[in-house]
Structure formats: C-alpha cells, structure tokens
Amino acid sequence: AEDLVHDAFIQFTLSKPDLSAINDLDSYLFIVLRNMHLSQVRRSSYNRFAPISIAEYDSAAIGLRSLDIQNQVVVANELLRICDYACARKETSKAAGVLILRFFHGYFTSEIAAVINSTRRTVHEWLRLARNEVKVYLDDPKVADSSESLSLMKAGNEHDLLAVLRDRIFSSRHGACLSAKQLNSLYVENGSPIDCKTLAHIASCRYCLDQVNNIRKLPPLSDRYPTDALGSDTRSTSGGNQM
C-alpha cells in the first residue's frame, strides 16, 4: 500500500495536473490510486502461469520457502550463481550492491535508502535493474551450473544455506575498511549518495556494515536475518533521505 501511494505521488508530481480544474481532490487521488492498482493487477495476471525463477522473489529466503522442496538443488544452484554474479558485479554497479543488501542480507528498501544515502524510489529502480540483469545472466546457456549446489544443500535447511551465501559475500570484500572519520563524512557531514566502490565494500564487509547500522540506528547483523524482511517495513530509518 505504501509503494502504491508512493508511485501515485510520483505520477501526480510528474504529470503536474491543473489543480484549479480539480473540484474534489480526495476523489481525484482515489481514482488515481484505483487505476494504478488495477493496472498492477492486470500486469501480474499476464504472468500468473509462467515459471517463476528464484530471482523473481523479493528475497532469497522468500524464494526458498515458496518453491517446491524437490527443486531445492536447482534453487541452490541459482542462488549460488546470483550470489557470485552480484559479488563480481558490485565493483562496477551500484545495482548489484543494492541487490546484495535486499536479496541476501534482508534489508528493507527504506533501510537500504539510509545505507546508500538515497530514496526508496531510487532503491526500487536499482533493484529493478539488478533483477533484470540477473535474469539475463541466469538464462545465458554459456554460464555453467555450479557443482557446489549439492554440497550447499547438505547444510540441511534454508537458514544454513543463506548463511553460507552471506559468508561467500563477505569473503568477496575488497579494499580497506572505512575509518570513523570517513563514515562520519559520508553519513553525518556530507549526506550525498555513496559511490559504487564504497557501496561494494560496505555490502560485503561485516564490520563496515555494522558501523553503518549503528550510525543509521538500524538492527545489527547479529539480530538480522533475510527472513526479517518477510513482514511489513516498520523499522525506524532516521538519517536516510525519504520521499
């Protein structure tokens, strides 16, 4: 519902309707919301019976819970490929860093906005771009399946599998950790959107990510699991730019 209202606000702002011609503003906004909702329902119904890739789910945890258990080896293989792709791509694309935060670490979109010093709308756009890239990557016949998927599934359950993937992400970290002075400049003094290289490090560094969590008053990694993001986004995100 929040996303629908947010999208309606963006459409209303961009279209710049003549306010003097609107007799009943409440009714006008209700019709805008209704039409946007119906449009979303129609679009989703087109693909109702199409096969769903793990990349289509909001997070890895949701995908693991939703897909048939008999396909878990296939799912594990896809997750491994997505993880490795995101780890390699994050050095040159902010979309991959945002995908890691949402899909594997379980951050809400508003929390990601606080981490990257941007807006939820921007986060949604980065996620859309990242998922499109991932789907193209998974459909590439030249990309071989990983032999590690079977060993990953021996972890025993989805939480262990996700922990293995998160460890894989943290092992892909590059560069030195950010100093307290650098973090203060990024999140307290400056407030500008962080660059790709910085996001790539933060998304794959336990220490730096927890430092950012502390600055932004977000839950630490020790209290955070991808399944946290299954519910509504009710956490405080003081410090991030919101729309």
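Applying the set (1) surrounded by fewer than 16 Cβ atoms within 10 Å (Cβ to Cβ); (2) modelled with pLDDT of 85 or more to residue 216 leaves exactly one unmet item: (1). Taken over region 206-219, the criterion of being under 17 Å from the mean Cα position of the chain (by Cα) and either basic (Lys, Arg) or not in a helix (DSSP H, G or I) (or both) is satisfied by 218, 219.
Looking only at residues that are out of contact with any Phe, Trp or Tyr (no Cβ under 7 Å at 6 or more places or on another chain) and crowded, with 24+ Cβ neighbours inside 10 Å in region 92-101, which one is farthest from residue 174 (Cα to Cα)?
So, considering only residues that are out of contact with any Phe, Trp or Tyr (no Cβ under 7 Å at 6 or more places or on another chain) and crowded, with 24+ Cβ neighbours inside 10 Å, the one farthest from residue 174 (Cα to Cα) is 99.
From the residues in region 173-189 that are in contact (Cβ under 8 Å) with a residue 40 or more places away in the chain and farther than 10 Å from residue 205 by Cβ, which one is most open to solvent (accessible area, probe 1.4 Å)? So that I can check it myself, show each step before the final result.
Step one: of region 173-189, the residues in contact (Cβ under 8 Å) with a residue 40 or more places away in the chain are 174, 186-187.
Of the ones still in play, those that are also farther than 10 Å from residue 205 by Cβ are 186-187.
Numbers: 186: 37, 187: 14 Å².
Going through the qualifying residues, I end up with 186.
For region 191-211, filtering for residues that are touching a residue at least 40 places away in the same chain (Cβ under 8 Å), in contact with a helix residue (DSSP H, G or I) (Cβ under 9 Å, 6 or more places away or on another chain) and either among the small types (Gly, Ala, Ser) or over 17 Å from residue 99 (Cα atoms) (or both) leaves 4.
Working carefully through the options 133, 125, find the one that is free of Cβ contacts under 8 Å to residues at least 24 places away in the same chain, assigned to a helix (DSSP H, G or I), among the charged types (D, E, K, R) and surrounded by fewer than 20 Cβ atoms within 10 Å (Cβ to Cβ).
The conditions single out 125.
The values are calculated or read from the model by the stated rules, or taken from the named source; none is laboratory data. Only a predicted model underlies this, so the values are computations on that prediction, with no experimental measurement involved. Backbone-built Cβ (ideal geometry, glycine too); neighbour counts: all protein chains shown. The area values use the complete protein model at the heavy-atom level, side chains included, leaving out ligands, DNA and RNA. Shrake-Rupley method; radii C 1.70, N 1.55, O 1.52, S 1.80 Å.
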